[in-house]
Amino acid sequence: MLKRVYIFSIFAGVIFFSGFVVILPTFTTNNISKIALDKEIDLPLILNDEKEIKFIFFGYSGCRDICTPRLHSLQTFYNTLDTNLKNKIGVEFIDISTPQDTTLPDRFATFFHEDFKGIYLDADIRREYTKAFNVYFAPSINDKTEFDHTAALYMVQKKSDKKIIKFVYNAYPYDFKQIQIDIKELLNEQ
């Protein structure tokens, strides 16, 4: 008898939680897809050229599930910009792994667009960058050749001699209409 009660309890619990999961609300990120940060950073490689705005994405070369679709969407967006805006905006892909071939990050980034830059960092400098941007990464539990990592897109502005992380876009697909508004606002305030 006790065994039947136990089995019934488990069965009832499974049915209850299955129904509970089904009725949970779906969360949307319409109002939280962007975080305004305004955090000044002092990192040498970012915005060391004439670009006024940089989009920074942390990932690893060859990442199929996260980096490839996001860089592809950045490519599509970047291709819609006119030449004047392209001269003011850059995209930098920072590799969180330690590839044996240090040219791999740049080759991976330029695969998506010739104007994109891929950056290889040694472990100590990479630690500084990931700390400044609050980027998490670790080898995947499922596959040691892959990494679990933060998949946010960061907008960094050069303002006078300062470099400022203005926005973090954490929802995918990225809201490129909002990003374009943010670009125009930042360029107009200078």
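Just so you know, all these numbers are worked out from the coordinates, no wet-lab data involved. What you see is a predicted model; the values in this text were computed from it and never measured. Here the Cβ is made from the backbone with ideal geometry for all residues, glycine too, and neighbour counts use every protein chain on show.
General remarks:
- Inter-label distance, A123 to N170: 2.9 nm, where each label sits 7 Å from its Cα along the C-beta direction.
- Burial order of peptide ranges 68-79, 178-189 (average beta-carbon count within 10 Å, highest first): 68-79, 178-189
- Distant-in-sequence amide contacts of K159, defined by a placed amide H-H separation under 5 Å and a gap of 5 or more residues or a different chain, comprise I164.
- As a ratio to 2.2 N^0.38 Å, the alpha-carbon radius of gyration for the range 31-188 is 0.98.
- Hz values of 3J(HN,Hα) by residue in the range 98-109 - Karplus curve (6.51, -1.76, 1.60), Gly and Pro given as x: 10, x, 5, 9, 6, 8, 4, x, 5, 5, 5, 5
- In sequence order, calculated HN-Hα J values of the range 52-62 (Karplus, 6.51, -1.76, 1.60; Hz; x Gly/Pro): 8, 9, 10, 9, 10, 10, 9, x, 9, 4, x
- Cut-off under 5 Å, modelled amide H: who pairs with I94 long-range: F57, F58, G59, I119
- Residue separation of K159 and S73 scaled by 0.36 nm, minus their Cα-Cα distance, works out to 28.3 nm of gained length.
- Loop-resident GluC sites (Glu not before Pro) (DSSP state other than H, G, I, E or B) in the range 112-147 with no more than 12 further Cβ atoms inside 10 Å of their Cβ: E114.
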